[in-house]
Amino acid sequence: MSWTSELLEIYKYNCSSGRKFSDGEPEMLPIAHSTANAQIEVTISEDGEFRGASAVEKSDAKTVIPDTGKARTGKKPTPYPLNDCLKYVAGDFKQFSSEKPDDNKKDKQDPAALHSLYMEQLKAWNNSEYSHKAVKAVLTYLLKSTVIYDCIKSGILQTDPKTGKLMASQNFASQKNIAADKAFVRFIVKYYDIMEESRTWKNKDLQKCFTDYNQSIVNKNSWQVCSVLGEELPMPFSYPMQIIKNEAKAKIFSANDDEGFTYLGRFQNQEQAMSISYEATQKLHCALRWLIDSQSMYFGSMTLIVWASMLQKLPKLCSDSANMFGDEEELELQDSGNDESSTGKMYCSLLKKRIFECGKKFNLNTKVMIMGLDAANQGRISISLYTELNSSDYLSNIEKWHLHTAWNRYNGKFISSFSVYEIVRYSFGTEIKADKQKRRLENKKSDKEYVVACPEEIVNNAVLELLPCIIYNKPVPHQILQNLYYKASNPNSYKEETNFYRVVEIACGMTRKSVIDNEKIDREDDYLMAYEPNNNDRSYLYGCLLAIADKAEGESYSKEERNNTTTNAKRYWAAFAQRPFKMWGIIRANLTPYLNKLGAGQIKYLKRIDEIMNKMSSDEYTDDRKLDNLYLLGYSHYMTKMFNEDMKKNEEDN
């Protein structure tokens, strides 16, 4: 099935009588409706008498509104049918406007003309067979042209004390510094029947009335065979916007360019180029908006959604294994101070168990859809990714991804895989000074002075390259492996030590998957997750030596030195990766005075160095060629091994 067919199935399922939306789950928009953020709430009686006005709280600002779908551009943009901005609903806006006559430029919209358009549209709805008590009440109230006056008296709108005119910029609970004419108004109608829903944006009967009314207008359009539904149906005026958050005006369907080469040269008119009926496009967009509201992920300009046929809960595609199930039970093993290999086996066992439990919810025919929407510019949305998998394949591949990329993180404190954004950010990003004010505004708890950031345009493309590794179990792209190798081989390019260790961990996780993919043989699930004493690879062993030198020198430092001094291992790290034999001689010679400072404590390090050296032949040891990615695994494995041994010894001593 195509993505249009799958979205129609979602629409049917959500509209079925047995469908119940859980607490916190967004409800699907009705046909011919969209959403807007309201700043002002006006309460009137069923007879159209003013009862009060108040500012809308930010948490409650999202408002479902009737929407014809026509463009709101040009000198006379199409108004919304009921709830709209002050310049549309307020007949007295021009009277209270602070705009001077000299400010009336050619491209300026005339509030009186906009209000006239709005009222004509509202009257047409009220005079139709699909009218509603709320429509009549709002029309009756607005005919008095006292909206601005009432809002000023209620203390909602701020005026200039000298002139009594509206301040050009208004502040509301839901939004600050908004132009007065753009403040959005929604209505509450107090009916005689107190059991009837008074909030116009939540009244289902009112929504049904407008859906039917708009359909009666659309029926007058040209009729064609719909390429989605396969029936002869009326075509829409235009195709919906407000699909994704970062580009509200962007559309998936658009064929209104009759001068350029959108379709000219292949078709004579837009009807030949695209034939998607009003009914189909409304249902598709209702389902798509609902999916985006309920489970979208954002990467740069791309919006990614993943869903199952019957909307069963899925492991998160782009999360790390600790958060992939989105519940309180994190899939990570804390404190691996025991045997590392057994902890790795525990991680694999727990992961498989959780995936198996998840798979029990699906039947054999359940499919998983993955869709990426990219707003390349203000007017267009491209479908950058769409694929369908059997649920068993999806779960199997996501299990392999989290098994093959898992790593002992923070010197063995826990085992986890990595999120897609984390991999991309550390593969292509650079370290920059943290914006403390921005982080405070976003309520992000971090004391980091420097963070790793990546340009949005790079994030988008990199995510598209990485997703097939999870979805189809494809190898990690060479560019990502190469970038991680060079970044992890340059500790001196990081001012924040945690950023450097993070990139080393990610490089190890991606390298581990690459090794498993290249060997193409069945291995234990925890293969290469912990130190491999039988691994005699030259790069791996040189990485172990680097870890020993780094930890030994660091252990000899005083508390003050640890915060201000870089070890020789890190200082020569980049050169060591390129010429290991030559640079190891320098690092080893520089290590001697630090070993002497440890006194008897140096014995364990000398034994460790001898143990690793004895595993290399003379030819391997003197081979001065560049090390491959395995040296990072050797470094990380042996560093974790030493930390665990020291921790165990401290526990025994105490």
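The values are calculated or read from the model by the stated rules, or taken from the named source; none is laboratory data. These figures come from a predicted structure and were not determined experimentally. In this analysis, Cβ positions are derived from the backbone assuming ideal geometry, glycine residues included, and neighbour counts consider all displayed protein chains. Remember, those area values only see protein heavy atoms, side chains included, never the ligands or the DNA or RNA. Shrake-Rupley method; radii C 1.70, N 1.55, O 1.52, S 1.80 Å.
Starting from segment 130-156, keep only residues that are under 20 Å from Pro111 (Cβ atoms), then list their pairs with residues that are open to solvent by 20 Å² or more (accessible area, probe 1.4 Å) and part of a helix (DSSP H, G or I) whose Cβ atoms are within a distance under 7 Å, requiring at least 6 positions of separation or different chains.
Filtered contacts from segment 130-156: Leu139/Lys123; Leu139/Asn126; Ile148/Phe96.
Matching residues to (1) within 23 Å of Ala530 (Cβ to Cβ); (2) basic (Lys, Arg):
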site: Ala589; (1), (2): no, no
site: Pro593; (1), (2): no, no
site: Ala600; (1), (2): no, no
site: Lys615; (1), (2): yes, yes
site: Asp624; (1), (2): no, no
site: Met647; (1), (2): yes, no
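Got at least one residue in segment 480-497 being within 26 Å of the chain's Cα centre (by Cα) and exposed (fewer than 13 other Cβ atoms within 10 Å of the Cβ)?
yes
Go through segment 498-547 residue by residue and tally those that are part of a helix (DSSP H, G or I) and either out of contact with any strand residue (DSSP E or B) (no Cβ under 8 Å at 6 or more places or on another chain) or open to solvent by less than 30 Å² (accessible area, probe 1.4 Å) (or both).
31
Could we say that Gln121 is modelled with pLDDT under 90 and under 27 Å from His33 (Cα atoms) here?
The answer is no for Gln121.
In the list Ala36, Ala71, which residue meets the criterion of being open to solvent by 50 Å² or more (accessible area, probe 1.4 Å) and closer than 20 Å to Cys286 by Cα?
From the options Ala36, Ala71, the qualifying one is Ala71.
From the list Ile40, Ile10, Ile65, Ile44, which residue is at pLDDT 90 or above, of a type outside the set (Asp, Glu) and closer than 30 Å to Leu385 by Cβ?
Ile10
Residues Leu591, Leu627: which one is touching a Phe, Trp or Tyr at 6+ places or on another chain (Cβ under 8 Å) and within 28 Å of Thr565 (Cβ to Cβ)?
Leu627
Answer yes or no as to whether Ile44 is within 28 Å of Leu284 (Cβ to Cβ) and either open to solvent by 70 Å² or more (accessible area, probe 1.4 Å) or in contact (Cβ under 8 Å) with a residue 24 or more places away in the chain (or both).
When the stated conditions are applied, Ile44 does not pass them.
Could you grab me the full set of residues in segment 506-531 that are at pLDDT 90 or above and touching a helix residue (DSSP H, G or I) at 6+ places or on another chain (Cβ under 7 Å)?
Ile506, Ala507, Cys508, Met510, Thr511, Arg512, Lys513, Ser514, Ile516, Tyr531
Hey, could you check segment 167-181 for residues that are under 12 Å from Lys58 (Cα atoms) and touching a residue at least 24 places away in the same chain (Cβ under 8 Å) and say which is surrounded by the fewest Cβ atoms within 10 Å (Cβ to Cβ)?
Step by step, filter segment 167-181, then rank; the result is Ala173.
Residues that are open to solvent by less than 60 Å² (accessible area, probe 1.4 Å) and touching a strand residue (DSSP E or B) at 6+ places or on another chain (Cβ under 9 Å): which helices (runs of 4 or more DSSP H) entirely in segment 560-654 hold 2 or more of them?
630-653
Here is a check on your reading of the model: is Ile471 of a type outside the set (Phe, Trp, Tyr), over 19 Å from Arg425 (Cα atoms) and in contact with a strand residue (DSSP E or B) (Cβ under 9 Å, 6 or more places away or on another chain)?
Here the answer is yes, as Ile471 does meet what is asked.
Can you spot a residue in segment 80-90 that is surrounded by fewer than 21 Cβ atoms within 10 Å (Cβ to Cβ) and of a type in the set (Gly, Ala, Ser)?
No: zero hits.
Looking at (1) over 25 Å from Asn214 (Cα atoms); (2) part of a loop (DSSP other than H, G, I, E, B), which is the only condition Thr43 fails?
Result: Thr43 passes all but (2).
List pairs: first in segment 364-378 and open to solvent by 10 Å² or more (accessible area, probe 1.4 Å), second of a type in the set (Ser, Thr, Tyr) and in a strand (DSSP E or B), Cβ under 6 Å, 6+ apart or cross-chain?
Going by the 6 Å Cβ cut-off, the qualifying pairs are Asp374/Ser382; Asp374/Ser384; Ala376/Ser382.
Considering each residue of segment 162-214, count those that are under 14 Å from Ile65 (Cα atoms), among the charged types (D, E, K, R) and in a helix (DSSP H, G or I), and give that number.
3
Inside segment 466-476, can you point out the residues that are surrounded by 17 or more Cβ atoms within 10 Å (Cβ to Cβ) and outside any helix (DSSP H, G or I)?
Asn473, Val476
I'm told Asp23 meets every condition in (1) among the charged types (D, E, K, R); (2) over 30 Å from Glu9 (Cα atoms); (3) open to solvent by 60 Å² or more (accessible area, probe 1.4 Å) except one. Can you identify the failing condition by its number?
Condition (2) is where Asp23 drops out.
I'd like the full set of residues that are small (Gly, Ala, Ser) and modelled with pLDDT of 95 or more, limited to segment 160-197.
none
Mind checking which residues of segment 182-200 are surrounded by fewer than 19 Cβ atoms within 10 Å (Cβ to Cβ) and touching a Cys at 6+ places or on another chain (Cβ under 8 Å)?
Lys182
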